[in-house]
Amino acid sequence: MSLRRAIFPGSFDPLTNGHLDIIRRSLPLFDEIIIAVLNNPEKNPMFSVEERCEMLREILSEVEAGKCCLTVDSFSGLTADFAKKKRAAAIVRGIRAISDYEYELRMALMNRRLEPEIETVFLMAAEEYSYVSSNLMKQIFTLGGRVEGLIPALVEAKMREKLKK
Ligand code: PNS
């Protein structure tokens, strides 16, 4: 039987509880999920790709993954190329609200054009995370707002360390 492998690509700068919600929802659907962290230094991320992968590994080690094998990897270049290289059958993306749909649809169709064998699977985030994004979390945190319950405690601690520097 062939392995149902998926990648979940993203910037994860930083990981939010919305991302974690999507990861948890995707676990029963696949045998293996690779959380694929985009190496995007030109976007001036708050965390380096190594820091993001390290945080993800630490946080995901606490997640009860059942029979699914959950791994973290980084990539540069096209998501479709990375998915093909990893022999993934699917690309997982989360949708929070209808406003995400247009952008996600364009990406899904472009990725399908690039790699027709690879399907994009959209999962709906829990309502309580429908307004949570990495960019909003960085902005709120940097301006002294409260973000508990919206990002993992480890991420919040690492953001605090970053701000002190
Ligand atoms: O976390 P994000 O920023 O919503 O993730 C966006 C991501 C990484 C999935 C997207 O920017 C992407 O796939 N980038 C890699 C380059 C690429 O493949 N671009 C064409 C997409 S159709």
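Observations on the structure shown:
- Positive contributions from Lys and Arg (+1) and negative ones from Asp and Glu (-1), summed over other residues with Cβ under 14 Å from the Cβ of ILE7, come out at 0.
- Surface share of carbon and sulfur [accessible, 1.4 angstrom probe, percent] for region 5-164: 51
- Nearest 10 degrees, 0 to 90: helix 98-114 Cα axis against the chain principal axis: 40
- Per-residue ellipticity at 222 nm, computed for the chain from helices alone with -39500 (n - 2.57) per DSSP H run of at least four residues, works out to -12500 deg cm²/dmol.
- Rg then Dmax, both in Å and based on the Cα atoms of region 100-165: 16.4, 46.
- Net charge over other residues, Cβ less than 15 angstrom from the Cβ of MET55 (K, R count +1; D, E count -1): -3
- Highest to lowest packing among 98-109, 43-54, scored as the average C-beta count within 10 Å: 43-54, 98-109
- Alpha-carbon Debye profile of region 5-164, log10 I(q)/I(0) at 0.21 Å⁻¹: -1.57
- Counting only DSSP beta bridges whose two residues both lie in the chain, roughly 0 percent are antiparallel.
- Taking all protein chains into account, the per residue accessible area for the chain stands at 58 Å² (1.4 Å probe).
The values are calculated or read from the model by the stated rules, or taken from the named source; none is laboratory data. Keep in mind the model is a prediction, meaning the values are calculated, not measured. Quick reminder, even Gly has a Cβ in these numbers, built from the backbone with ideal geometry, and neighbours come from all protein chains shown. The protein model used for the area step is the full one, side chains on, heavy atoms only, and it has no ligands, DNA or RNA in it. Shrake-Rupley method; radii C 1.70, N 1.55, O 1.52, S 1.80 Å.
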